[in-house]
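The values are calculated or read from the model by the stated rules, or taken from the named source; none is laboratory data. It should be emphasised that the depicted structure is a prediction, and the values quoted were computed from it without experimental measurement. Please note: Cβ atoms are built from the backbone with ideal geometry, for glycine as well, and neighbour counts cover all protein chains shown.
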Amino acid sequence: MNTSKISKFTFVTLAALAPLSGCATLTNNPNATIRVRVVDDVGEPIGGVHANVYNIFDLDTTPGLTDTNGVHIIHLQKILHISGSFQKQGYYQSSGVFWKTPEWGKVPPANTNFIIVLKRMIEPVQMRQRGVTVYSPRLGETVGFDFEIGDLVFPDGKGKYADILLTTKRDYISDNDRTSYVTINFTGEHNGIQSFHYPSYDGAGYPLKSDLIPPPIAPESGYEKTLDRFSRRTPPNKITSSYVEDRKWIFRTRTVVDDDGKIIAANYGWTSTEIRVVAKPESNGEVLGITFSYYYNPDPKSRSLEPKEIADRQAKDIPKEGGK
């Protein structure tokens, strides 16, 4: 894939979001210096990163390579928002806006270091990607869901192992005043779920983000056994939910421990969307469930959260060492 086309597309898309009226009032500052420092996920500098920095004010792109300290310096005269894409073989690309002017005419403070993090490719594995919407057949009943199969367990679906149990509940006053609940309980003593922060394109400013959503390796601790989800409609037809912007989930299931309580096998995965409560169409809200998309690692000896398909796509798109 031609990375210059990707850069132009990313840049033009971001530029379209910026208000252009009054641009002439921006400061013409020949000494405006943008200094980015690219590091890996443990804070070590990365040299030889292909850095394309976009000045959204004048549709100008400043490409270059980071030095041995991971630094790339750009001199700009007119500045609005500043975005960029940062690529190197063996790492996942990061791209998006990394500085937004607080008001017209403002430029970044002198000698500001903008830290850009590239996640290392550690152990890409074949992961199963699924998008599911599953319903509990009846309110108040508990049903099991199988992450590996991606379906409810028999007899409600084709699943064989209940990784989680879903229990539904509804508080109903009227069509415009009701709350739907789904409680997710992980089976097994050492299984569970935890959230992690990830900036969404739905968030303000199209923030800098990695092409790999979660950390490359699943955490060993911090998992909770229960997750409560809700969707609430209150007068005057206002809808709220348990959905939180910029949050996704890592889960662990089918955990096996030795006699000392040390984990010797487990299956890990992560959600690429939030987990939302939904009502089955034409059920009048009496049949509830959840909808979400996720990746599942079927290897019980691996904690990797890196889908091989994402790593392979990166390897094709990112310039080779010494390439352009």
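Check segment 269-277 and report whether any residue there is assigned to a loop (DSSP other than H, G, I, E, B), within 27 Å of the chain's Cα centre (by Cα) and among the aliphatic types (A, V, I, L, M). If you could, list the steps in order and put the result at the bottom.
Filtering segment 269-277 for residues assigned to a loop (DSSP other than H, G, I, E, B) gives 272-275.
Narrowing further to those that are within 27 Å of the chain's Cα centre (by Cα): 272-275.
Now restrict to residues that are among the aliphatic types (A, V, I, L, M): 275.
Yes, some residue in segment 269-277 is assigned to a loop (DSSP other than H, G, I, E, B), within 27 Å of the chain's Cα centre (by Cα) and among the aliphatic types (A, V, I, L, M).
Looking at (1) acidic (Asp, Glu); (2) in contact with a Leu (Cβ under 7 Å, 6 or more places away or on another chain); (3) surrounded by 14 or more Cβ atoms within 10 Å (Cβ to Cβ), which is the only condition residue 286 fails?
Answer for residue 286: the failing condition is (3).
Take residue 300 and tell me if it is surrounded by fewer than 17 Cβ atoms within 10 Å (Cβ to Cβ), under 20 Å from residue 222 (Cβ atoms) and more than 17 Å from the chain's Cα centre (by Cα). I'd like the intermediate steps shown before the answer.
Details: surrounded by fewer than 17 Cβ atoms within 10 Å (Cβ to Cβ): yes; under 20 Å from residue 222 (Cβ atoms): yes; more than 17 Å from the chain's Cα centre (by Cα): yes.
Against the criterion (surrounded by fewer than 17 Cβ atoms within 10 Å (Cβ to Cβ), under 20 Å from residue 222 (Cβ atoms) and more than 17 Å from the chain's Cα centre (by Cα)), residue 300 qualifies.
Here are 214, 236: which of them is buried (at least 18 other Cβ atoms within 10 Å of the Cβ), assigned to a loop (DSSP other than H, G, I, E, B), touching a residue at least 60 places away in the same chain (Cβ under 8 Å) and not small (Gly, Ala, Ser)?
Values: 236 fails: buried (at least 18 other Cβ atoms within 10 Å of the Cβ).
One residue alone meets the criteria, 214.
Out of 92, 198, which single residue is in the same structural domain as residue 235 (by TED's automatic domain parsing), under 28 Å from residue 50 (Cβ atoms) and of a type in the set (Ser, Thr, Tyr)? Spell out how you get there, then give the answer.
On the way: 92 fails: in the same structural domain as residue 235 (by TED's automatic domain parsing).
On inspection, the qualifying residue turns out to be 198.
So residue 253 clears everything in (1) touching a Leu at 6+ places or on another chain (Cβ under 9 Å); (2) crowded, with 19+ Cβ neighbours inside 10 Å except one condition, right? Which one?
With respect to (1) touching a Leu at 6+ places or on another chain (Cβ under 9 Å); (2) crowded, with 19+ Cβ neighbours inside 10 Å, residue 253 is out only on (1).
Does segment 52-74 include one or more residues that are out of contact with any helix residue (DSSP H, G or I) (no Cβ under 6 Å at 6 or more places or on another chain), at pLDDT 90 or above and closer than 18 Å to residue 315 by Cβ?
The answer is no; no qualifying residue exists.
Just the residues that are modelled with pLDDT of 80 or more, of a type outside the set (Phe, Trp, Tyr) and part of a loop (DSSP other than H, G, I, E, B), please, taken from segment 75-111.
Matches in segment 75-111: 88, 89, 90, 93.
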